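Following: one structure in structure tokens, then a few remarks.
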Amino acid sequence: MQLTLSKMASIGMLAATLLAGVMMQSAALAAPSAMVSTQQLAQETRVDQQRAHVSAFLDRAEVQSLLEARGVDVADAQSRIATLTASELATLAAQIDTLPAGEGALETLIFVLVVFMLLDIAGVTDIFPGL
Amino acid sequence: MRCCLQHKSVRLCLFALLVLFGLSACLSAPQTRLLQEQQPARLSSRELLADVGFFPQEAYQCGPAALATVLDYSQQQVTADELVSQVYIPARQGSLQIEMLATARRYSRLPYVLPASLESVLQEVAAGLPVLVMQNLGLSRWPQWHYAVVVGFDLTDGTLTLRSGTRRDYVMPMAVFERTWARAAHWAVVILPPGQMPVDNNQTRYFQMLADAEPSLREESVTAAWRAGVQRWPASDLMSLGLSNHLYGQALVQDAASVLEQLLAVDTSSAAAHNNLAWLMLELGQTEEAMRLAREAVTLDAGFKQTLADIQSKISSGR
């Protein structure tokens, strides 16, 4: 796959987001040995909502056809959503919310989604072997 | 984020409205149509909160004026002028929604963002709460942002009454309102005095609004708001944990524990509630109960096994 400049740039941003996400995740894993705070609960409920939001996005027919055109199995994509980190979900959910009308925008977001999933499969240190 | 300036860009506003009216044949107002076709049983056909104050806006400052209107009605002494420096951004000739919410919190009021439902807006008005709304009076590509306050409605005539800009009782067709409101992402907020609940019945939403506001509200406001939440949703672990954590923050350990005990008496499914109560029991010296609760938390969610280990080691080391 040939990468355009803008796609390269978005990959760079995504990699940074993902690294931050991994670091946050490892910090969070060490935590739950005390009382669950109200702020933690609020964060959890937000992540649940974002997950539902992204999942509903994947249910849209035009999104599914774009994913299938890229050879991504929709059921597989849905199951990946469950494994995205909080910051990845936040990024995706925000992008869905601010999605401008038009085919091109949706295409870009699908690309972002596919990259997220590939990163998820490949791990951070082994980025984009399939691209 | 520019507010509609009444006395200078009247023509602009008129033009925008004319365009809207002109396009009304091909624009839809689905919520209005639905409400008028099938009037909800629990909604009266007309309502007017006549005693909501009026703060006519100056220049572009519809944000401070609208916010002053709802804060004043929630028994909070305030003037539009003192809000200007807090929510008005001169460079943008307008106010950001996030600043509007933050300022309400600074006045120790709980802002509650309503779902994107016109029926929900009308329900809050019918329950006696004026609703702060954002509108885009222009078009999506050429926005004229505006804040106003919905104070009444008439489903038979299909109109809403607003405190809007320099007009005290601005009656506008519900369909036109819906379109201008939809172009501002259906943003609608009620300002809750301490302990008052919205009609909207969504515990996750209420929990998040309150959790966000908690650091800025006065202590007694927070307590009242959590208690009202627990009263409406006694089986909600979110509400009980919120209240319990708040009481614990005030060193009221026994009270914090009994809130969770009351929750577990009606619903035993929350691992987090078991976990938190285990720690509270440990603090109250009830080690056996603490161990039992910690084990139960792990049974419900294996992620809490660190709690069990920590409590066990604290007990065996005699604390």
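The values are calculated or read from the model by the stated rules, or taken from the named source; none is laboratory data. The structure displayed is predicted, hence computed values, not measured ones. Note that each Cβ is placed from the backbone with ideal geometry, even for glycine, and that neighbours are counted across all protein chains shown. The protein model used for the area step is the full one, side chains on, heavy atoms only, and it has no ligands, DNA or RNA in it. Shrake-Rupley method; radii C 1.70, N 1.55, O 1.52, S 1.80 Å.
For the reader, a short list of remarks on this structure follows.
- The set of residues in the range B:273-295 being without any contact (Cβ under 8 Å) to a residue 24 or more places away in the chain and more than 14 Å from chain A (Cβ to nearest Cβ) consists of B:285, B:286, B:288, B:289, B:292, B:295.
- Test: residue in the range B:205-212 that is within 13 Å of another protein chain (Cβ to nearest Cβ), more than 27 Å from residue B:150 (Cβ to Cβ) and buried (at least 17 other Cβ atoms within 10 Å of the Cβ): no
- Filter result (over 18 Å from residue B:73 (Cα atoms) and either assigned to a strand (DSSP E or B) or at pLDDT 95 or above (or both)) within the range B:135-152: B:135, B:136, B:139, B:142, B:145, B:146
- Number of the condition not met by residue A:48 [criteria: (1) at pLDDT 85 or above; (2) farther than 23 Å from residue B:298 by Cα; (3) open to solvent by 70 Å² or more (accessible area, probe 1.4 Å)]: (2)
- Unmet requirement for residue B:81, which otherwise passes all of (1) open to solvent by less than 30 Å² (accessible area, probe 1.4 Å); (2) touching a helix residue (DSSP H, G or I) at 6+ places or on another chain (Cβ under 8 Å): (1)
- Of the residues in the range B:174-187, at least one is surrounded by 17 or more Cβ atoms within 10 Å (Cβ to Cβ), of a type in the set (Asp, Glu) and farther than 18 Å from residue B:70 by Cβ.
- Against the list (1) more than 16 Å from residue B:132 (Cα to Cα); (2) not in a helix (DSSP H, G or I), the condition residue B:84 fails is (2).
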